[in-house]
Amino acid sequence: MNEKKQQLMHDFAQFARIVSAEGIVLLKNENNMLPIKSGEEVAVFGRCQIDYYRSGTGSGGSVNVPYRVNALEGLRKNETIAINEELASIYETFVQENPFDNGGGGWAAEPWFQKEMPITDDVIQIAKKTSVKAMVIIGRTAGEEQDNKDTQGGYRLNYTEIQMLEMVTASFEKVAVVLNVANIIDMSWLDALTHKEHILSVLYSWQGGMEGGNGLADVLSGEVTPSGKLTDTIAYNIEDYPSHTNFEGELENFYQEDIYLGYRYFETFAKSVVRYPFGFGLSYTEFSLHSITGRTEGQGKETTFIVDVTVQNCGANYSGKEIVQIYYEAPQGELGKPLRQLGGFAKTGLLAPGQTQQLSISIPIARMASYDDGGYTGNKSCYVLEAGDYRLFAGNSVRSLENVVINTKPTYTLDSLIVVEKLSVVMCPTKEFKRIKPGHMNEDGEFDITYESVPVHSHTEQADLMRERMARHMPLACEITGDQNIKLIDVKNKKYTLEAFIAQLSQEDLEVIVRGEGMSSPKVTSGTASAFGGLSESLLRFGIPVACAADGPSGIRMDSGETATQLPIGTLLASTWNTQLIEEVYVLEGQELLLNEIDTLLGPGMNIHRHPLNGRNFEYFSEDPFLTGCMAKAVTLGLKKGGSTGTIKHFVANDQEHNRRVVDSIMSERALREIHLKGFEIVVKEGSASSLMTAYNPINGIFAASNYDLNTTVLRGEWGYTGVVMTDWWATMNDPVYGGAASLKDTSSMVRSQNDVFMVVNNFGAEANGLDDNLTESLSTGVLTIGELQRCAMNICKFILDAPAMERPIKTSEVNFFAAVQQALPEVITYPVGIDFTASTNVDKTLWIEVDSEGYYNLLLTMKNDQWDSAQASFNILLNDKFVANIQLNGTMGRWVKQKNICVHLETGFYKMDIVITKAGIDIGTLKFIK
Ligand code: BGC
């Protein structure tokens, strides 16, 4: 590793530690249980002190880290905290004898909890000998392809964990529980334990990345005062969440909760079922908010509210930070509104005891507008501010608020309705269903739930609308000119227009450019997710470089084994509520991407936490779209400043992992716009996003990857997006007008919708049309026009023009030389270079091959992966200890597929060939080098 990279990774890790501490949320802290005082010895229970989860699994977590700090190490390194070493060594022995179960190492194979050590009386006696305080660490992972389950070991604690808590609380009167989890979990044990009163502290430490153990120790020791706040509501029961009845539908998932998701639901209809409210989190010190005043600037729809708040640290012992949250209440009007919606927030700097800081938070009134999807106000398809009283509230959680006086009045009144934005109907559901709406208001201020029918289109209406809309916006084709010797750099230097450049590309060039290759393409940084752009000699000749995309939200994933810095999970990042900090840390991420020659990180993930069991919530930020948008914006702005970019994903409504590739997210246009699209809208309009990944699922019948309204009408038309759009890996498409069955080969529909790149065909498959897609046929039958294809090519090139790839020298078929040795080891069998080797790659393997004549050899493979489509597996090939390629194959469900991979220069002699598993799951039928 060069010095520059080493220095960056060092600085980045220090920053990651700060973030991992700042996102920890303290929910309970009685009798000053925390922080642990100097001289107090703590008995730490739970195997996750050693097997500390640094993130979830799958593409959002597979970062090869240079090192990791678990909780035990973090605590041991901390100078204030003394831990019970005898107990720690019992755990070390247990973990040694019961090693971490990774489920075999395959894709999504890791169990979501690890076998816990049963606690005996002897263990308790040992712990009690010298410790007065106890801490129990409980862990859960999560990941792609499956949701959490409302079972023991899933959302709930299992028997051994409960027993551990029972035993510890029976013997210690001062117990802290640390939740090292990917997502919120059931907390009913807080009411059920026999000695529940002995649990004095509870904190969600989430999963803090590779520096997570240090971050946790910083908070437990009081070096850092906790300042994280919940980005989700924790309800008493899982059934209390309004999406619960529809979550995990097999083929259809009805969004009946509509816009009443998370606290928007609980504050309006069901306050009493909330255990910990949205925005809640304690500190070691106390804050008071005073001199809260509101005023307005501007007129009509340009009005902005400005709320000034003075925050004081009124504690005596600890410095700390506070988050001021501003919620609004819009009049119920015709549309119905949640009683509270987050309108703005700000975090103080570190305030010493007694210190104050004034915060000023601006909220444009337009942010408070609601979308009228049914013409209820007489303004169909408009964002409107209904007439009536608007209220603002300031506080430090959705439950701890005070009314803000605006221009000396308790409310701000609109005498008549204001249309903020006139749009058009998009992605309208064609299935009839009912959504919830506030009915009668009760004495306690809560509303009864009523139901109303969601506005729908008939299939014919919808198809007519789409046909007409697509025809109206059909791009004109640029006449194909052939090679005019215009290179992409000439467009960058403004010598030629992008249109003139694209006009040179042949139909074949255009087909190739909309196919990405991967995973682990040898054309880009090893072990990354995709190569796209200049994937043929012809495209390279036009000066289009190969761009590289790599997972994922919490750090760079390189399956080759190359290391990178791992940040905490998305939920922890958002729990900081500190957009400045997140932007700063992602500047370093951007620099790390640049050093690794990666043009875009496949993150941030920004789907809404619709239900606590969603398997990928950990990659995402919150149940609130505004907070989600602000966090994603901080990430994309940071990455840009660092020199690379982020890919916002998964656009849109990929809200469950079960059947994620097929389940239809069926929702009203209002819910779509106000909740699920809102975060994306913020980051596109304000976060200069230039790369976006569509979701696997259909929305109201049309797959995201071929959804014209999603990718064209809304994204580019309404929001003005000019970047690239890519599919999720091996996504399926259907007809953008008529819907219908899903197909992996319908790249034509993808292009028509203006989703620009299909991710991914096999390596070297872009030119060979590796997936046998329908582009050529659709062009010849007139289903697709050259103009539509050129439009995607332009979007791709626009992205590349600003990407780091433009600065890298264009590599045309670079062939690496591998030196032979003159003798193989005496005891091994040596195979001729061209012979087939068959191997299961669940175990590493070493073979010797003999090359009898020097020359260029291509690696040819026949492989299968018994898992399902999006399961990913990979291995590395080395020749005489030198890295050749990272080979990747997604699930083929047992089907054998051929892959032509890298070309190498071999000399006469012997080579030791190592096959090193990086993610188990591939069977090799043939592996040979041919001339
Ligand atoms: C995930 C994406 C990820 C891609 C590439 C897919 O399974 O849904 O989020 O970026 O794989 O690894």
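The values are calculated or read from the model by the stated rules, or taken from the named source; none is laboratory data. Quick caveat, the model's predicted, so the values are computed rather than measured. All Cβ positions, even for glycine, are placed from backbone atoms using ideal geometry, and neighbour counts span all protein chains on display.
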Out of Ala127, Ala176, Ala182, Ala109, sole residue that is crowded, with 18+ Cβ neighbours inside 10 Å, within 16 Å of the ligand (Cβ to nearest atom) and modelled with pLDDT of 95 or more: Ala182
Residue check for Met33: out of contact with any Gly (no Cβ under 9 Å at 6 or more places or on another chain), over 30 Å from Gly921 (Cα atoms) and not in a helix (DSSP H, G or I): yes
Inter-residue pairs, beta-carbon under 7 Å, first without any contact (Cβ under 8 Å) to a residue 40 or more places away in the chain and among the aromatic types (Phe, Trp, Tyr) and in the range 893-914, second surrounded by 15 or more Cβ atoms within 10 Å (Cβ to Cβ) and in a loop (DSSP other than H, G, I, E, B), 6+ apart: none
Any hit, the range 752-766, residues being part of a helix (DSSP H, G or I), farther than 26 Å from Phe433 by Cβ, modelled with pLDDT of 95 or more and away from the ligand (no atom under 16 Å from the Cβ): yes
Among residues of the range 859-891, those that are surrounded by fewer than 16 Cβ atoms within 10 Å (Cβ to Cβ), more than 16 Å from the ligand (Cβ to nearest atom) and under 21 Å from Val760 (Cα atoms), counted: 1
The range 52-68, residues that are away from the ligand (no atom under 16 Å from the Cβ), out of contact with any strand residue (DSSP E or B) (no Cβ under 7 Å at 6 or more places or on another chain) and not basic (Lys, Arg): Val65, Pro66, Tyr67
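Only one residue in Thr732, Thr727, Thr776, Thr747 is among the hydroxyl-bearing types (Ser, Thr, Tyr), within 16 Å of the ligand (Cβ to nearest atom), under 25 Å from Val546 (Cβ atoms) and touching a residue at least 24 places away in the same chain (Cβ under 8 Å), so which one is that?
Answer to the check: Thr727.
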Contacts under 8 angstrom Cβ, first residue in the range 467-481 being surrounded by 15 or more Cβ atoms within 10 Å (Cβ to Cβ), partner assigned to a helix (DSSP H, G or I) and among the basic types (Lys, Arg), 6 or more apart: Met470/Arg752; Pro475/Arg791
Single residue of Pro331, Pro353, Pro338 found to be surrounded by 23 or more Cβ atoms within 10 Å (Cβ to Cβ) and assigned to a loop (DSSP other than H, G, I, E, B): Pro338
Residue satisfying condition, being in contact (Cβ under 8 Å) with a residue 60 or more places away in the chain and within 16 Å of the ligand (Cβ to nearest atom), within set Ala134, Ala142: Ala142
Subset tally (residues that are part of a strand (DSSP E or B), more than 14 Å from Arg367 (Cβ to Cβ) and out of contact with any helix residue (DSSP H, G or I) (no Cβ under 9 Å at 6 or more places or on another chain)) for the range 383-421: 15
When residues of the range 735-744 are limited to those that are away from the ligand (no atom under 16 Å from the Cβ) and assigned to a loop (DSSP other than H, G, I, E, B), the one surrounded by the fewest Cβ atoms within 10 Å (Cβ to Cβ): Tyr738
Residue list for the range 185-211, filter: among the small types (Gly, Ala, Ser), crowded, with 19+ Cβ neighbours inside 10 Å and on the phi < 0 side of the Ramachandran plot: Ser201, Ser205, Gly208
Per-region count, the range 597-632, residues in a loop (DSSP other than H, G, I, E, B), within 16 Å of the ligand (Cβ to nearest atom) and charged (D, E, K, R): 2
Output for the range 559-576, where each listed residue is surrounded by fewer than 24 Cβ atoms within 10 Å (Cβ to Cβ) and touching a strand residue (DSSP E or B) at 6+ places or on another chain (Cβ under 7 Å): Ser560, Gly561
Of the criteria (1) of a type outside the set (Lys, Arg); (2) away from the ligand (no atom under 16 Å from the Cβ); (3) outside any loop (DSSP other than H, G, I, E, B); (4) touching a strand residue (DSSP E or B) at 6+ places or on another chain (Cβ under 8 Å), which one Ala547 fails: (2)
